[in-house]
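Engineer: Structure below; questions to follow.
The values are calculated or read from the model by the stated rules, or taken from the named source; none is laboratory data. Keep in mind that what you see is a predicted model, and the values were worked out from it rather than measured. Note that we place each Cβ from the backbone using ideal geometry, even for glycine, and neighbour counts take in every protein chain shown.
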Amino acid sequence: MGQMIDFKRPDGSACRGYLASAGQGKPGVVVIQEWWGLNDQICGIADRFARAGYNALAPDLFKGRVTQQPDEASHLMNGLDFPGATHQDIRGAVDHLRGLGGKVAAMGFCMGGALTIAAAVHVPNLAAGVCFYGIPPADFADPVKIRIPFQGHFASKDDWCTPAAVDSLDAAMRGAGNTPELYRYEADHAFFNERRGEVYDAACANQAWDRMMEFLGKTLG
């Protein structure tokens, strides 16, 4: 359904990304990858958004590099320029989708979930954020600064984005007067990724998708 395109970053350079189109004037969603790269699974999420009536753009944060090996994925993630990804790649994707018409949300998984929070803090013209099991360091993107509608999906068996970290996120945001919509699932980290059979939980993934669709319907129109 979608295709690879080049879109402009705020600094004038280009970023590659996978665009799945629902049509001019439709709301948009920036889909932010896991640490595996812009793979078929992430492109499939973008296609799924397009079928649901949203223009979806997944920026290629690793510049064409994709892996299935955890050690290499960790190396790629640790080598990523997170401020550049947030202020240039993701902001450029938001601006591109806004050019197609409609409000724009950001959403992502794991590393992409952390970058979703970073985008919600730093990227102007973003209407909403949906985070799946990822939280950035507060010194880079403090969630208390989020001023847009925010939904989070977290796993109770997650040893990376732990339940304690989610508790702290919730308390900090509510203490700052925010009202995040947070959900927890009796599942493992990456429960939404249907390509990872060892952790995928279809019931939790479907419930999370339905909750996200309702949230985006309210916040993006």
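Engineer: Quick one: which residue in 205, 171 is closer than 18 Å to residue 56 by Cβ, free of Cβ contacts under 8 Å to residues at least 24 places away in the same chain and aliphatic (A, V, I, L, M)?
Structural biologist: Result of the check over 205, 171: 205.
Engineer: Let me ask something additional. Name the residues in segment 81-99 that are out of contact with any Cys (no Cβ under 8 Å at 6 or more places or on another chain) and within 14 Å of residue 126 (Cα to Cα), would you?
Structural biologist: Passing the criteria: 86, 87, 90, 91, 94, 95, 96, 97, 98, 99.
Engineer: Still on this model: Step by step: first the residues of segment 164-188, then only those that are part of a helix (DSSP H, G or I) and within 19 Å of the chain's Cα centre (by Cα), then the one that is surrounded by the fewest Cβ atoms within 10 Å (Cβ to Cβ). Which residue is that?
Structural biologist: 165
Engineer: Residue under question is residue 114, and the condition is that it be under 11 Å from the mean Cα position of the chain (by Cα), of a type in the set (A, V, I, L, M, F, W, C), at pLDDT 95 or above and farther than 19 Å from residue 6 by Cβ; does it hold?
Structural biologist: yes
Engineer: Can you confirm whether segment 37-51 contains a residue that is over 16 Å from residue 107 (Cβ atoms) and out of contact with any Lys or Arg (no Cβ under 7 Å at 6 or more places or on another chain)?
Structural biologist: Within segment 37-51 (the criterion being over 16 Å from residue 107 (Cβ atoms) and out of contact with any Lys or Arg (no Cβ under 7 Å at 6 or more places or on another chain)), the answer is yes, since at least one residue qualifies.
Engineer: Sticking with this structure for a sec: Those residues that are more than 19 Å from residue 111 (Cα to Cα) and hydrophobic (A, V, I, L, M, F, W, C), I need them from segment 186-203; list them, please.
Structural biologist: Listed by number, the residues that qualify are 202, 203.
Engineer: Kindly establish whether residue 125 is out of contact with any Gly (no Cβ under 7 Å at 6 or more places or on another chain), free of Cβ contacts under 8 Å to residues at least 60 places away in the same chain and part of a loop (DSSP other than H, G, I, E, B).
Structural biologist: So residue 125 fits the description; yes.
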